[in-house]
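Before any comments, here is the structure.
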Amino acid sequence: MRNLTTIVVVVVIGFLLLMGSTFIVNESQTALVLNLGKVVRTDLKPGLHFKLPIVEDVRRFDRRILSLDDAPERYLTAEKKDVEVDFFVKWRIIDVTTFYTAASGGDEGAAKARLTPIVKNALRNEINQLDLAAVVSSGRSDLTGRLLKNINVAASTLGIEVLDVRIKRINLPQDSDILVSVFNRMRAERTRVANQLRAEGEQASQGIRAEAERERQVLLADAERDAQARRGEGDGRAAEVGAAAYGQDAEFYAFYRSLEAYRNSLADGKTVMVLDPDSEFLRYFGKDSR
């Protein structure tokens, strides 16, 4: 019975020693081994590994690409105007030993806390050299290349590499005078364009009206000319007809013209005429008018 107990104890101790001497590193991880707090092995690949139980300890770290997304930061441009920049950073661990030493035992939060001011300082140095128009136009392209070079110089002391810095938004702070000045400038520019368009429209309308008036005068002149020609032709024709009628019977023609004169003079029925009975106008009203 004593032998059986001894065997069980030995088996349990052996199992515990075996469990304490093996560890697994996942595909998304890298690891280092500490011997009494001193780094003895580093950059362990995924798989099964062995360590000395009790005296050695394992620290695992994420070897995937990590993100840093901090609150928007305000910067001054070259002309001393405020801009609010919202950005995010993609980074990864490249030196596990340095990362463990620099980031308070490899704490990811501590690493982000140290990386954030590095990125902000590099971003501030770049924006301070650019005016507002250059920041807005190149904020998502040209800035990235220059930032990565400057940031990675400082980030290498943390055992990490910054892969990308992206500008999400560049805003004008709501409490800054620049927002009002930009809106005023935009309003002035739109007003200038509107006034220019109105002036061009007025000029075009005056040209159209002048051209229409000219065409109207030409049409009226042509119409008056044609009317005068037609009236001339009509008067000529009337004269010819009258002359022919007068040539056929002068007395009858004179009588007809007198009747027309009577009708035109007395057409309204209210006309009162005081004439000499021997007047030529009344010659056909006499007894001898036959």
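Based on a Kirkwood Rh over C-alpha pairs, give the Stokes-Einstein translational diffusion coefficient of region 66-175 at 37 °C and viscosity 0.692 mPa s in µm²/s. Numbers along the way, then the final one.
On the way: Rh = 14.3 Å.
The calculation lands on 230 µm²/s.
What residues have an amide H closer than 5 Å to that of F88, excluding those fewer than 5 places away on the same chain, when H is modeled at 1.01 Å from N in the peptide plane?
R166, K168
I need the phi-derived Karplus couplings for region 57-62: 6.51 cos²θ - 1.76 cosθ + 1.60, θ = phi - 60°, integer Hz, Gly and Pro marked x.
These are the phi-based 3J(HN,Hα) values: 10, 10, 10, 9, 9, 6 Hz.
Here is the link list: K81/K120; K38/K149; K90/K149; K45/K120; K90/K168; K80/K112. Which ones come out longer than 25 Å on Cα distance?
Working: K81/K120 17 Å; K38/K149 32 Å; K90/K149 14 Å; K45/K120 33 Å; K90/K168 13 Å; K80/K112 29 Å.
In this structure, K38/K149; K45/K120; K80/K112 exceed 25 Å between Cα atoms.
Ranking request for peptides 162-172, 205-215: highest mean number of other beta-carbon atoms within 10 Å first, then the rest in descending order.
So the peptides 162-172, 205-215, ranked by packing, come out 162-172, 205-215.
Take the Cα of T22, step 7 Å along the line toward its Cβ, and report every residue of region 34-63 whose backbone nitrogen sits under 18 Å from that point.
Under cut-off, by backbone N: 45-54, 56-58.
Whole percent per 10 Å bin, from 0 to the bin with the longest distance: what is P(r) over all C-alpha pairs of region 13-114?
13, 34, 24, 14, 8, 4, 1, 0
So what J values fall out for region 96-112 if you push phi through Karplus, 6.51 cos²θ - 1.76 cosθ + 1.60 with θ = phi - 60°, rounded to Hz, Gly and Pro as x?
These are the phi-based 3J(HN,Hα) values: 5, 5, 5, 4, 5, 6, 7, 9, 6, x, x, 6, 5, x, 5, 5, 5 Hz.
Sequence gap at least 6, Cα distance under 8 Å: using those rules, report the relative contact order of region 66-175 to the nearest whole percent.
Values: 174 pairs, mean separation 44.6, N = 110.
Relative contact order here is 41 percent.
Can you give the relative contact order of region 55-102 as a percent, counting alpha carbon pairs under 8 Å and 6+ residues apart? Before the final figure, lay out each step's value.
Working: 46 pairs, mean separation 17.8, N = 48.
Dividing the mean separation by the residue count of region 55-102 yields 37 percent.
Values in this text are rule-based calculations from the coordinates and carry no lab data. Computed from a prediction, not measured in an experiment: that's the story for all the values here. Reconstructed Cβ throughout: ideal geometry from the backbone, glycine too, with neighbour counts over all protein chains shown.
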